[in-house]
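The block underneath contains the structure these notes are about, expressed in structure tokens.
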Amino acid sequence: YQLRCLAILSPSRENVIRYIEEQNKILLLSENFAKEWQYLLLDLPEFGDGFANPLAASGIEVRKKLEEANKKSVLDLLGDKYFLLLFANGGDPYSEQAGKIARQFASVTDWEIRTVSMNGLPLQDFPDFEKDKGLSQKYGVKNAPTFLIVNPETKEGFHVGVGALSASDLIDNIYKQAKRHLLEEEK
């Protein structure tokens, strides 16, 4: 660090050469460390994460298929316990798009969708809605569109997206919240 500072503050030929020589020593140490790391993982594979994070295309494909199957399983399980709640403003282009995404999500997952209008106007895709009577405040929703998953028995809700996100992003976010809060383990 001191050699680098000296080379920057006083960039003489000698100072830059000394810095480069020292940097090359560090790079060689780093290269040796990386080689030893590789050898260690070959000898003791349990220290690596080759199963969780494969590097080869075939392994990555297997991981993706397993993850998608796991997502489907978790969403099927949660669909029996939760519904998707969309806070929206009727007539707002982003909320209207979010309504379309909610419909698409429902067609893929068979989840129940409920909408709360924060401005009292319906969405084109959801003419039946509930007017916001403090529900947005209860769940800390300040902007529309906002998506939550809600357990109708406990009234517990989890934020899973804002704005006009895609159905696959919505699925990913629900899966992340399920893992984060251990929702698939609820009785």
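Summary table
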quantity: Per residue solvent-accessible surface (Å²) - segment 1-76, probe of 1.4 Å; calculated: 87
quantity: Highest average packing first - 38-44, 2-8, Cβ atoms within 10 Å; calculated: 2-8, 38-44
quantity: Whichever lysines have a C-alpha closer than 24 Å to that of Lys72, once near sequence neighbours (fewer than 8 apart) are set aside; calculated: Lys64, Lys81, Lys100, Lys155, Lys176, Lys179, Lys187
quantity: Accessible area of the chain belonging to carbon and sulfur atoms, whole % at 1.4 Å probe; calculated: 56
quantity: Using distinct alpha-carbon pairs, which all enter the 1/r mean, Kirkwood radius of the chain in Å; calculated: 20.7
quantity: Sparse-neighbourhood loop sites, GluC sites (Glu not before Pro) in segment 77-166 - DSSP loop, at most 16 other Cβ within 10 angstrom; calculated: Glu112, Glu153, Glu156
quantity: Efficiency of FRET between Asp110 and Ala69 - r from beta-carbon atoms, R0 25 angstrom, step 0.05; calculated: 0.90
quantity: The chain: most fluctuating residue of Lys35, Lys133, Lys142 per GNM, C-alpha cutoff 10 Å; calculated: Lys35
quantity: Sequence-separation-based contact order of segment 29-187, relative, with Cα cut under 8 Å and 6+ spacing, percent; calculated: 22
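The values are calculated or read from the model by the stated rules, or taken from the named source; none is laboratory data. Predicted model only: the values in this text are computed from it and were never measured. All Cβ positions, glycine included, derive from the backbone under ideal geometry; neighbour counts span all protein chains shown. Note: areas computed on protein heavy atoms with side chains; ligands, DNA, RNA excluded. Shrake-Rupley method; radii C 1.70, N 1.55, O 1.52, S 1.80 Å.
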